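Participant: The structure under discussion is supplied below as structure tokens; questions concerning it will follow.
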Amino acid sequence: MLKCKFDVKGLDLYYSDFQALKKVDLEMSENEIMAFIGPSGCGKSTFLRTLNRMNDIVEGCRIEGKILLDGKDIYAKNVDVNQLRKRVGMVFQKPNPFPQSVYDNIAYGPITHGIRKKTDLDEIVEKALKDAAIWEEVKDRLRKSALGLSGGQQQRLCIARALAVEPEILLMDEPTSALDPVSTGTIEDLMVELREKYTIIIVTHNMQQATRISDKTAFFLMGEVIEYGKTIDIFSNPKHKRTENYITGRFG
Amino acid sequence: MKLTKFIDRALLVLTWLFAGLTIAVLAYIIFHIVINGVPHLRLSLFEIRHTSANVSMLPSIVSTLFMVILTLIFAVPLGIFTSIFLVEYMKKGSRFVNVVRSAAELLSGIPSIVYGLFGLLFFVEFLGLGLSLLSGSLTLSIMILPLVIRTTEEALKSVPDGYREGSFALGAGKLRTIFVIILPSAIPGIFAGVILAVGRIIGESAALIFTAGTFAQIPDNILQSVRTLAVHMWVLSGEGHHINEAYATAVALLAVIFLINALSTLAAKKIFSIA
């Protein structure tokens with residue numbers, strides 16, 4: 001049995017009056033890739049963003065229920081949000097490298113968390129870029145702007161940037177939806193490799209992607225988790241009619 | 001069919017006409033100043049000390065530079081921090097932000113002579129700073145503040161939210177996100193606002209006549225009265241028998257503005273060539 005990382009209990013989330021998540025119960029284990037699927041606006045991205053408290057910045061956003069990370073409530077009063085986000089990294093739908101050099105992009109996180117020594121930083125930058133399978137492509141242009149990279153390279157740079165602060169969990173919000181098939185393949189291979197060291201949670205619209213890479217899948221619909229379990233079971237033998245309708249492409 | 005084609009033609013001709021007219025007016029003004037001013041540019045106009053005989057503009061050029069620098073020192077940090085507060089710390093559409101914004105807009109609509117009067121009563125008289133470089137620059141700071149706030153706000157807003165999210169997601173705090181990620185990306189926009197502000201400072205006369213006075217020497221301290229180029233021009237043309245020198249001064253004023261614009265564009269290119 002894999003160690004449980006995130007344990008979500010009865011999570012409700014409201015944007016002002018609108019309830020975006022209804023009584024979500026989910027467990028996510030270490031060294032697994034968990035995929036969230038579901039039609040647009042079903043709450044999967046919203047849910048993902050509660051896991052590193054990115055919704056804190058959204059006005060009128062309010063949650064009830066509990067999210068435990070290694071048994072501790074991440075919404076407890078004494079939790080340092082910045083430390084939480086260091087443990088729970090995030091990669092966004094649109095690659096968002098900072099308008100700085102490749103090196104500075106990666107070094108930003110570690111410097112934020114107190115690493116100042118040049119030799120340490122050099123090491124972290126190289127390791128992160130290697131782990132994100134982009135080192136070979138950028139090692140000769142570390143001092144050049146990250147905005148000059150292609151979309152797929154930028155996304156891998158963002159993954160490297162997230163890895164540089166040594167997170168335990170990596171949240172990925174449709175990380176390949178803005179990329180071409182080749183870049184998508186590269187990033188999928190990368191995710192499978194990263195599973196050895198990290199817990200990965202990915203939101204995807206691409207059901208083939210979920211079947212290709214994920215161990216577990218949760219199906220969201222209108223703010224509820226309709227079904228979750230092993231990916232192979234969900235896709236070959238869904239228990240709910242609505243899940244079956246969605247994965248066979250009858251709606252969504 | 002024929003009618004729409006005709007209207008199309010007519011509109012095209014009209015746009016050309018008006019665009020041409022605008023350029024022609026600008027060209028004529030510059031031409032007029034250069035034609036009337038350049039022949040009267042004499043070496044004596046650039047003597048270190050101004051006398052009523054040489055009516056030298058050099059002290060005014062130096063004073064103008066001091067005025068620009070001092071005003072920017074007051075207004076730019078204040079404006080930038082205000083904008084950071086409005087954009088990054090206050091909720092979008094909050095009532096307070098709207099009040100501050102309308103106040104800033106109102107301020108930018110006030111004629112400069114009103115600022116001059118306020119500066120005279122408050123800085124010169126009430127605070128006892130006298131007619132001085134300091135009073136003048138404080139007055140101009142208030143005058144250009146709305147401009148700096150406005151342009152900085154726009155610059156901050158145009159920084160993609162993805163940068164903010166990316167930074168927060170790495171566990172960076174708000175302060176670090178603002179100073180390391182957001183401000184550097186907003187600097188080109190802020191810079192554009194500052195250049196506009198510099199233009200207004202150089203061109204201002206009414207507000208300065210009341211607050212900085214008309215004493216035409218290079219100041220040794222900020223409590224001395226100074227005469228900027230624009231004010232110098234006003235004095236010369238007002239006196240009636242230095243019209244030619246006033247034109248020569250106008251040429252210098254144009255030159256200073258062109259120079260500052262060119263230099264700042266060059267500096268901006270140098271600084272931002274990495275991005």
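The values are calculated or read from the model by the stated rules, or taken from the named source; none is laboratory data. As the structure is a prediction and not an experimental result, all values here were calculated from the model. When we count neighbours, we look across all protein chains shown, and the Cβ atoms used for this are built from the backbone with ideal geometry, even at glycine. Surface areas here come from the heavy atoms of the whole protein model, side chains and all, with no ligands, DNA or RNA. Shrake-Rupley method; radii C 1.70, N 1.55, O 1.52, S 1.80 Å.
Participant: When the chain is fully extended, how far beyond the present Cα-Cα distance does B:LEU14 get from B:PHE215, taking 0.36 nm per residue of separation?
Facilitator: Working: separation 201, 0.36 × 201 = 72.36 nm, distance 4.87 nm.
So the chain would gain 67.5 nm between B:LEU14 and B:PHE215.
Participant: Farthest toward the dipole's positive end in the stretch B:43-272, which of B:GLY193, B:ALA212, B:SER63, given Cβ charges of +1 (Lys, Arg) and -1 (Asp, Glu) about the Cα centre?
Facilitator: So the residue we want is B:GLY193.
Participant: Tell me the per residue accessible area of the protein assembly as shown using a 1.4 Å probe; a whole number in Å² is fine. Please report the intermediate quantities before stating the final value.
Facilitator: Values: 26070 Å² over 527 residues.
Value returned for the protein assembly as shown: 49 Å² of accessible area per residue.
Participant: Going from most exposed to least, what order do A:THR112, B:THR22, B:THR71 have by accessible area with a 1.4 Å probe?
Facilitator: Largest accessible area first, the residues go B:THR22, A:THR112, B:THR71.
Participant: Further question: Count the net charge of all other residues whose Cβ sits under 12 Å from the Cβ of A:LYS94, scoring Lys and Arg as +1 and Asp and Glu as -1.
Facilitator: -4
Participant: Expressed as a rounded percentage, what relative contact order does chain B have, with Cα pairs under 8 Å and six or more residues apart?
Facilitator: 27
Participant: Continuing with the same structure: I'd like the accessible area for A:TYR103: 1.4 Å probe, protein heavy atoms, all chains in place, Å² to the nearest 10.
Facilitator: The accessible area comes out at roughly 20 Å².
Participant: In whole Hz, with x marking every Gly and Pro, tabulate ³J(HN,Hα) for the stretch B:11-21 from phi via Karplus 6.51 cos²θ - 1.76 cosθ + 1.60, θ = phi - 60°.
Facilitator: Residue by residue, the stretch B:11-21 yields 5, 4, 4, 4, 4, 4, 4, 5, 4, x, 4 Hz.
Participant: Which value, in Å² and to the nearest 10, is the accessible area of B:VAL97 when all protein chains are kept and the probe is 1.4 Å?
Facilitator: The accessible area comes out at roughly 0 Å².
Participant: 222 nm [θ] for chain A, helices only, -39500 (n - 2.57) per DSSP H run of 4+, per residue, to 500?
Facilitator: -10000 deg cm²/dmol
Participant: Here's a follow-up. The stretch B:88-119 to the stretch B:147-203: how many Å between their Cα centroids?
Facilitator: Taking the Cα centre of the stretch B:147-203 as reference, the centre of the stretch B:88-119 is 19 Å away.
Participant: In Å, the Kirkwood hydrodynamic radius of chain A over pairs of distinct alpha carbons? Before the final figure, lay out the partial values.
Facilitator: Values: mean 1/r = 0.0534 Å⁻¹.
Taking the inverse mean of 1/r over all distinct Cα pairs, chain A comes out at 18.7 Å.
Participant: Efficiency by 1/(1 + (r/R0)^6): what FRET value for B:LYS157 and A:ARG62, r their Cβ-Cβ distance, R0 = 25 Å, to the nearest 0.05?
Facilitator: 0.45
Participant: What net charge do the residues around B:ARG95 carry, taking every other residue with its C-beta under 15 Å from that of B:ARG95, with Lys and Arg at +1 and Asp and Glu at -1?
Facilitator: Taking every Cβ under 15 Å from that of B:ARG95, the sum is +2.
Participant: Please give the charge dipole size of the stretch B:43-272, origin at the Cα centre, charges +1 on K and R Cβ atoms and -1 on D and E Cβ atoms. Round to the nearest 20 debye.
Facilitator: Once rounded to the nearest 20, the dipole reads 780 debye.
Participant: Another question about this same structure. Quick check: from the Cα gyration tensor, does the stretch B:129-214 come out rounded (a/c under 1.5), prolate or oblate?
Facilitator: Prolate is the answer for the stretch B:129-214, as a/c is 1.5 or above and a/b outweighs b/c.
Participant: Please list B:ILE113, B:ILE142 from largest to smallest accessible area, probe radius 1.4 Å, with all protein chains kept in place.
Facilitator: Sorted by accessible area, descending: B:ILE113, B:ILE142.
Participant: How large is ³J(HN,Hα) for each residue in the stretch A:92-102, as worked out from phi by the Karplus curve 6.51 cos²θ - 1.76 cosθ + 1.60 (θ = phi - 60°), to whole Hz, x for Gly and Pro?
Facilitator: Taking θ as phi minus 60°, the curve returns 9, 4, 9, x, 10, x, 6, x, 9, 6, 3 Hz for the stretch A:92-102.
Participant: Related question: Under a point spin-label approximation (7 Å from Cα along Cα-to-Cβ), what is the B:ARG49-A:GLN19 distance to one decimal in nm?
Facilitator: 8.7
Participant: Can you check what the net charge comes to around B:GLY238, using other residues whose Cβ is under 15 Å from the Cβ of B:GLY238 (Lys, Arg +1; Asp, Glu -1)?
Facilitator: Around B:GLY238, the charge tally is -1.
Participant: Evaluate peptide A:97-105: per residue, the Cβ atoms of other protein chains within 10 Å of its Cβ; return the mean as an integer. Write down the numbers at each step before the final one.
Facilitator: Details: counts 3, 10, 9, 6, 2, 0, 0, 2, 1.
Averaged over the peptide's residues, the number is 4.
Participant: While we're looking at this one, here's another question. Report the extension gain between B:PHE85 and B:ARG101 in nm, rounded to one decimal, defined as 0.36 nm multiplied by the number of residues separating them, less their alpha carbon distance. Walk me through the numbers before you get to the answer.
Facilitator: Working: separation 16, 0.36 × 16 = 5.76 nm, distance 1.19 nm.
That pair, B:PHE85 and B:ARG101, stretches by 4.6 nm at full extension.
Participant: Next up: Quick one: compute the contact order of chain A, relative version, from alpha carbon pairs under 8 angstrom and 6+ residues apart, as a percent.
Facilitator: 27
Participant: What do you reckon, how do B:TRP16, B:TRP234 stack up by accessible area (1.4 Å probe), largest on top?
Facilitator: B:TRP16, B:TRP234
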